[in-house]
1. Which members of segment 370-384 meet the condition of being at negative phi and either touching a Phe, Trp or Tyr at 6+ places or on another chain (Cβ under 8 Å) or not in a helix (DSSP H, G or I) (or both)?
2. Any residue in segment 261-284 that is more than 16 Å from ligand 2 (Cβ to nearest atom), in a helix (DSSP H, G or I) and either of a type outside the set (S, T, N, Q) or on the phi > 0 side of the Ramachandran plot (or both)?
3. Just a yes or no: is a residue in segment 392-401 within 30 Å of LEU304 (Cβ to Cβ), in contact (Cβ under 8 Å) with a residue 24 or more places away in the chain, assigned by the TED database to the domain that holds PRO311 and among the hydrophobic types (A, V, I, L, M, F, W, C)?
4. How many residues are surrounded by 11 or more Cβ atoms within 10 Å (Cβ to Cβ) and over 26 Å from LEU107 (Cβ atoms) when one looks only at segment 447-481?
5. Go through (1) over 17 Å from the mean Cα position of the chain (by Cα); (2) of a type outside the set (A, V, I, L, M); (3) crowded, with 18+ Cβ neighbours inside 10 Å for PHE292 and report which single condition fails.
6. Checking TRP271 against (1) touching a helix residue (DSSP H, G or I) at 6+ places or on another chain (Cβ under 6 Å); (2) under 20 Å from THR46 (Cβ atoms); (3) within 16 Å of ligand 1 (Cβ to nearest atom): exactly one of these is not met. Which one?
7. Quick one: how many residues across segment 113-128 are surrounded by 15 or more Cβ atoms within 10 Å (Cβ to Cβ) and either in a helix (DSSP H, G or I) or not hydrophobic (A, V, I, L, M, F, W, C) (or both)?
Amino acid sequence: MNTGLQLYNTLTRKKEPFEPLNAPLVGMYVCGPTVYNDVHLGNCRTFISFDLIFRYLKYNGFKVRYVRNITDAGHLEGDRDEGDDKFAKRAKLEQLEPMEIVQKYTLGFHDVMRMFNTLPPSIEPTATGHISEQIEMIKEIISNGYAYEAGGTVYFDVEKYSKEYNYTILTNRNLEDMLANTRELGGQDDKRGRLDFALWIKAKPETIMRWPSPWGVGFPGWHIECSAMSAKYLGEEFDIHGGGMDLAATHHTNEIAQSEACSHKQPAKYWMHTNMLTVNGARMSKSAGNGFLPGELFSGDHPLLKKGFSPMTVKFFMLQAHYRSTLDFSNEALDASEKGFRRLMTAIDLLDKLSASEKSDFEIEPIYLNCVKAMNDDFNSPVVIAELFDAVRVINTVHDGKGVISAQELDMLKKLMNDFVFEIFGLKDEETSNTDLNGVLDLVIDIRRGAKENKDYATSDKIRLGLQSMGIQLKDSKEGTTWNKI
Ligand code: AMP
Ligand code: ZN
């Protein structure tokens, strides 16, 4: 299948033609969220970028098996196999069981993904559901001589591995420099080498999430889950492995090492990495205190926000940047996206009202082909959006009676919008023309305003959350409350 699609491969540091191993089947694995708390907007950007890629592959006729995991165990606070377990810590804080934390934030993640109108993955495996697969893989890595057990913890032997394989293949860093930069072994662990990382971690007496293993009771390290689950569902060699750019240097580097130490095969043909969402130039992260939750963005309830923005405005804002460019968040940029998105939707609404003429002043096929060309050039969504605005100008010109369009070109316009705006970008119109609903919501919003004035927050929250569960999001701003469908 030659679709003309070129994608940037982190592994080779260049754009390559997309030639799947078993076309039309495509195996794609994306590292999913760690569900010990809410996903922030930065995380959402990565998942929205891979949704675009998933949708475009499907549009091209590929049968994509898209696996996106849920990390629900084995995440320690420190980067280097140290510190408290994030799930246990959160469970204590919220006075819940760790698996209640997992359930709560998995459901929250799914709600957010639905609001952004992303497609669910084909398989969404969890780390805790695949403990035996991880143990089997660790056993194999040990028997192949690339890992060792010390005091109930199993470490991957990076030095041994790097004698035969290139440990820094993904990032092209210098191994000697990395060895020099990692901190001295403090003596508090049993690692032989500074870069060695844990495959299995011995449980402390207070560890709640623990499983028996050949090395005693413990829990898996973070990296092994993705190697074990990608191999299980996509095979030892598959097409695309993705995640945010921040994962390349450690998590994905270690994944490649584990898979090669086990099967002697580099697991993915194409490694794809999305760039970061930033706020005033700094990476959005919860620990930096600049991580908006999607709900805060939709409602406008955050000190950095002037007002709320709807899910589709936010998604449109993200699609206006290429997935490998950084994207800086600002109220002004979102304001502009809101206007742009509305202009696009208004034009699409007009499409059914345009009447065709015998002749046509416009040719739509070149616009369509430019959109395909842009998507084929490593999923260049901002170029597609610029082309779509050319089509918007055509629609507005015909609507204003300043030009004519034939039935054939009008059909092409409809196909263009349908394919790129709805099918490939996964955008949808949030405005409704349902006047009854408008009236009912005006009344409910007024009752809620009264409740808030009386400091009856239980009622105002009940109204907001009740409407949210029915797919209606309220947005509060200084000018009052508005709503949109999610
Ligand atoms: P986590 O839940 O922290 O494991 O992250 C889930 C996904 O979000 C990973 O692929 C990260 O690389 C990605 N990610 C984290 N922060 C950002 C950000 N600021 N912008 C874009 N993606 C991010
Ligand atoms: Zn992963």
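The values are calculated or read from the model by the stated rules, or taken from the named source; none is laboratory data. What you are looking at is a predicted structure, and each value in this text was computed from that prediction instead of being measured. Methodologically, a virtual Cβ is constructed for each residue, glycine included, from the backbone with ideal geometry; neighbour enumeration extends over all protein chains shown.
1. Listed by number, the residues that qualify are CYS371, MET375, ASP377, ASN380, SER381, VAL384.
2. For segment 261-284, residues more than 16 Å from ligand 2 (Cβ to nearest atom), in a helix (DSSP H, G or I) and either of a type outside the set (S, T, N, Q) or on the phi > 0 side of the Ramachandran plot (or both): present.
3. No, the conditions are met nowhere in segment 392-401.
4. Count: 7.
5. (1) is the only condition that PHE292 fails.
6. Every listed condition holds for TRP271 apart from (1).
7. Qualifying residue count for the region: 10.
Each row is one residue, and each column tells you yes or no for (1) in the same structural domain as LYS92 (by the TED database); (2) within 16 Å of ligand 1 (Cβ to nearest atom); (3) closer than 17 Å to GLU159 by Cα.
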position: GLY193; (1), (2), (3): yes, no, yes
position: ASP196; (1), (2), (3): yes, no, yes
position: TRP200; (1), (2), (3): yes, no, no
position: ALA203; (1), (2), (3): yes, no, no
position: THR207; (1), (2), (3): yes, no, no
position: SER213; (1), (2), (3): yes, no, no
position: GLY216; (1), (2), (3): yes, no, no
position: GLY221; (1), (2), (3): yes, yes, no
